[in-house]
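Please treat every number below as a calculation from the coordinates, not as lab data. Keep in mind the model is a prediction, meaning the values are calculated, not measured. Neighbour counts run over all protein chains shown; Cβ positions are idealised from the backbone, glycine included.
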Number of protein chains: 2
Amino acid sequence: MGKMGSEMLIYVLLLMAGVLASGQSSPVKIWPMPASVSYGHTHLYLTSDFGFSSNYGSEILKDAFDRMLALIKLDHVIDANFSAFNSSSLLQGLHIIISSPNGQLQYGVDESYKLIVPSPEKPAYAHLEAKTVYGALQGLQTFSQLCYFSVTSRVLQIDMSPWTIIDQPRFSYRGLLIDTSRHYLPVPVIKKVIDSMSYAKLNVMHWHIVDTQSFPLEIPSYPKLWDGAYSPSERYTVADAADIVSYAQKRGINVLAEIDVPGHALSWGTGYPSLWPSKDCQQPLDISNEFTFKVIDGILSDFSKIFNFKFVHLGGDEVNTSCWTTTPRIRNWLKKHGMNESQAYQYFVLRAQNIALSHGYEIINWYSSYTSYLAKQQYYTSYSHIEHHREETFNDFGNKLSRKTVVHNWYLLIFITQT
Amino acid sequence: MGKMGSEMLIYVLLLMAGVLASGQSSPVKIWPMPASVSYGHTHLYLTSDFGFSSNYGSEILKDAFDRMLALIKLDHVIDANFSAFNSSSLLQGLHIIISSPNGQLQYGVDESYKLIVPSPEKPAYAHLEAKTVYGALQGLQTFSQLCYFSVTSRVLQIDMSPWTIIDQPRFSYRGLLIDTSRHYLPVPVIKKVIDSMSYAKLNVMHWHIVDTQSFPLEIPSYPKLWDGAYSPSERYTVADAADIVSYAQKRGINVLAEIDVPGHALSWGTGYPSLWPSKDCQQPLDISNEFTFKVIDGILSDFSKIFNFKFVHLGGDEVNTSCWTTTPRIRNWLKKHGMNESQAYQYFVLRAQNIALSHGYEIINWYSSYTSYLAKQQYYTSYSHIEHHREETFNDFGNKLSRKTVVHNWYLLIFITQT
C-alpha cells in the first residue's frame, strides 16, 4: 500500500467538511443521515436515572448503552431539579427489542433499526427495535445524536420530538484504514479509532498491519517476524490483537487484517533474511524460495485464530520486480519455470490467494493494473486517483471490473458498490 | 492575553524535544529528572494482582494507583505464566507511607517523596514515603515511569533495580495555560489536559477562561455574561467548573482562574452592552461605569466559591485605551478625575486587584510595561520574547522586578523564581 501524502489527507478532509457543511440547511443533525426521518417540535428531558431495558440480555448492549450516556453527557454535571419539569416531558428510559438475538457479527449482518421517541404505547420511554444487536448498536448511535446537554435545562435534552427514524445502511461495507507499519499506534489509540468509527457507523477497520517499514505483530508460527518492529515496545502480542478484534466486534466493527505481499514486505526479512532476494535487494519477497510461501501460510494460519472476519487482505500492489531479475538465483528460477516478470507477479498473488482460501478466507487485494485480470473470487480495493471516487463514477468503476468491488476513498471510506 | 502564533508553538515544542533528546545519553528515563536517583541492573516483574497498601485511607491515593496501573499497561493483555518466574524477582505491591495525612492542596504544599524499589525490609514490595498525599502522587508518577509492558516477559517489568529515588520539585509553581475563550474545550478534553499535566508533574492549570472572543463560563451573579459564549453548548456551568477543579485537585493540580481586565473583555458586553465604551468601540471595559466594577466583584465573588487556589489571575495586559479617549462620556470622566490614559489604566488594574483582595485572593497579572510599577502584593506573569526564558535570564528577570515573579514560557511552562 502506498503512502498517502498529508496534502491529500487535508484535501479529503476539506471535501468531507464540505459535505457536512452542505447538510447544515436541514434541521436534522444526524450523521450519517438515516434512510427515513420524521420529527416534531417538542422538547423531552432525560431523567437522571435514565435507563434501558431489553428482551435481549447482552453485555454488548448494556455496555453500549452506558458508553452512549457518557458520550451524551460529555462529563457535564447534571444538577437539575427534576421536580420542576412537567412529568409528560420526561423520558425515563429506552426500551430495546431485538428479534433475532443469535446473529453473529459478519459481513452483511442486518444493521437495520427503527427508533421511535417517545414510544406511542409508553410515552415515558423511547423505543428501539432491530433484527440484531448490531442494528441496535446503530440505533443507539442515532439516539445519542438526538440528545445533548442543555445549559438552559441543565439536563440531557431532546428537541424536535416526536421522532420516528427508520434506517438501514446504504453500503454493507463501510471502512476506515489504519496503518501500524509506517507508524506504530498504541492499543489505546486503536481503541479510540474504533470508538470514533462507531460514532460514524463505520463497520470495518482495515488494519494494514505490516509493510516495508515495520512488522509490529506477533506471529507465533514464525516468532522472529516481529523482530522487524520499530522497537521492542512498538509491538502487538497475539493477545493484544485478539483484544482489539473483540473490542471492535462489541462495537459492531469487523477487523480486516492485511499483509501486503509480495511488494510491501521488506520488514519480514529482519527476522528471516532468506525472504529477501538478497541483502542488497530486499523486496519483493523471494518468489523462488518455498520458505516464502510457508511463512505466508504460517501468518494466515495464525491470522485465522485471531481475525475471524470472512475477508483477509493480501495487498499485492506496487510490485517492482527488478530484484527478481537482478538476483541470479531468482532469474534462473523464472527462466526454469518459463515466466516473465508479469507472469511471476501473477503467480505469486494467485498462490498467496490460494493459501488464504485454504484457511477459509475470502480475499481482497489492492486494485492495480497487474491484479485486474486475476482470480474471480477476489474483491478489489483501489487507491486510484481521487477523481475515481466521485459518486457518479462508482458504478462505472464497478461495471468495468464486472465483479464485486471495494472502492476505496484515500484510505478513509470504503464501499462495496451495488454491482 | 495575546494569541500565540502556531509557528511559535512549533518552535517551543522543538525546543522541548531537543531537551528530551539531549537527555537520551542517560540510562535513566524519568521525566522530569528527580533530584537524586540511584539504580542497579536487575529485572523485576509485577505480579498480575500487584496492589497497594498504605497507612493513609484515601480515595485520592487508591484512584491514583489504579490510574497508574492502567497507564503502565497501555491496554496490553497480561497473559504470562507467573509460575515460570523466579519468585525473588516478583514484585507483589507498593506500600505507601504518608507522614502528614491532613495536608490540603495549596501553593507550596510539600511534594517531596522517597521511592525505594524493592523495599530493603520487604523485598517483594516497593516502598514509597511522602509527607503529603500530593508528594505520594508525584512518587506514583515516578514509579509508573520505571515500569513498562515487556513483550518478552509478557508482564509489567522494571529494569535497573534496585532503585532509590529521592525527589522534590525545584519549582513550587509548575503551570500550563489553557485558553477556553479563543477555542472552547469540552470538559473531557480539559480533563485529558489535566491527566497529561500530572504525568509531567505540573501542578497549576492556568485557566484563561474568558477573553475578547468568548465568555464560556456561567456567572450566577450576572447570568447574561455567558451570552458571550460561542454557542449555547460551548459553555461551562458552575457545576462543570467545580468538577474540573475537583478533578485537578485529586491529581495534585491547582486551578488558577483568570479574567483579563480591562483589555481582553469584549465578550462580556454581549450580555451587558453597558460594559462597552460604546457599540462601535467595545474594549477596554468602561472605566467610567460603576457597573463595570460591580460585575468584576460579582465574578470574583462567584470565583471564590469555585476556585479555591490562593491566587487569581486578573490579566491586565495589552490595553489599548483609545476607546476611553474617543468616547465623550469616558473622556469627560477622565478629565473630571484628572487622569491621563496611563493613570486610568493603573487605576483600573489597582481597583480590580483590591476587589480580588477583598475576596481573599492573592493576585497575578500579566507583566507589561504598564503594570510593572503596580502594587507590591502582586505576582507577575510574563509572555515576553522567548529569549527572556533561558535559564540564565530567569534570575535577572526576577531581580529586575525585585519581587516574586511567575516567569511564563510561551504559555507552556511557568515557574516562580527563587528571588
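Compute, for the range A:240-310, the length of the dipole vector about the Cα centre, with Cβ point charges of +1 (Lys, Arg) and -1 (Asp, Glu) only. Units Debye, rounded to 20.
300 debye
What share of Cα pairs, in percent, lie more than 19 angstrom apart in the range B:73-146? Intermediate values should be presented prior to the final figure.
Values: 1273 of 2701 pairs.
Cα-Cα pairs in the range B:73-146 separated by more than 19 Å: 47 percent.
What number comes out for the charge environment of A:His76, summing +1 per Lys or Arg and -1 per Asp or Glu over other residues with Cβ under 14 Å away?
-2
Can you tally the net charge around B:Thr164? Count Lys and Arg as +1, Asp and Glu as -1, for every other residue whose Cβ sits under 13 Å from the Cβ of B:Thr164.
In short, -1.
Given R₀ = 41 Å, what would the calculated FRET efficiency be for A:Asn320 paired with A:Lys122, taking r from the Cβ atoms and rounding to 0.05? Kindly include the intermediate steps, with their values, before the conclusion.
Working: r = 65 Å, r/R0 = 1.58.
Efficiency, from the Cβ-Cβ distance: 0.05.
Considering only the other residues whose Cβ falls under 14 Å of the Cβ of A:Val117, what net charge follows from Lys and Arg at +1 and Asp and Glu at -1?
For residues surrounding A:Val117, the net value is -2.
The range B:251-364: D in µm²/s via Stokes-Einstein (Kirkwood Rh, Cα pairs, 20 °C, 1.002 mPa s)?
Working: Rh = 14.5 Å.
After rounding, the answer is 148 µm²/s.
At what distance in angstrom do the alpha carbon centres of the range B:276-320 and the range B:159-227 lie from each other?
21 Å
Which entries in the list A:Lys62/A:Lys122; A:Lys191/B:Lys250; B:Lys73/B:Lys201; A:Lys122/A:Lys192; A:Lys224/A:Lys294 go over 24 Å, if you measure between the two C-alpha atoms of each? Before the final figure, lay out each step's value.
Working: A:Lys62/A:Lys122 21 Å; A:Lys191/B:Lys250 26 Å; B:Lys73/B:Lys201 20 Å; A:Lys122/A:Lys192 36 Å; A:Lys224/A:Lys294 14 Å.
From the list (A:Lys62/A:Lys122; A:Lys191/B:Lys250; B:Lys73/B:Lys201; A:Lys122/A:Lys192; A:Lys224/A:Lys294), the Cα-Cα distance tops 24 Å for A:Lys191/B:Lys250; A:Lys122/A:Lys192.
Taking the DSSP beta bridges in the range A:36-167 as the whole, what percent of them are antiparallel, to the nearest 5?
So the antiparallel bridges amount to about 60 percent of the total.
Determine Rg/Rh for the range A:36-167; Rg is computed over alpha-carbon atoms and Rh is the Kirkwood hydrodynamic estimate from the same atoms.
Ratio of gyration radius to Kirkwood radius for the range A:36-167: 0.97.
Quick one: 3J(HN,Hα) in Hz for the range A:115-131, Karplus 6.51/-1.76/1.60 with θ = phi - 60°, rounded, Gly and Pro as x.
With the stated coefficients, the range A:115-131 comes to 10, 10, 10, x, 5, x, 6, 10, x, 8, 10, 8, 10, 10, 10, 8, 6 Hz.
Using +1 on the beta carbon of Lys and Arg, -1 on that of Asp and Glu, and nothing else charged, what's the dipole of the range A:155-230 about the Cα centre, debye to 20?
80 debye
Just round it to a whole percent: the fraction of Cα-Cα distances in the range A:192-263 exceeding 19 Å.
Percent of Cα pairs beyond 19 Å in the range A:192-263: 39.
Strictly greater than 11 Å: what percent of every Cα pair in the range B:292-333 meets that?
Summing the P(r) tail past 11 Å for the range B:292-333 gives 74 percent.
On the rotation axis linking copies B and A, which residue of B comes nearest by its Cβ, and by how many whole Å?
Here the nearest residue and distance are B:Lys192, 6.
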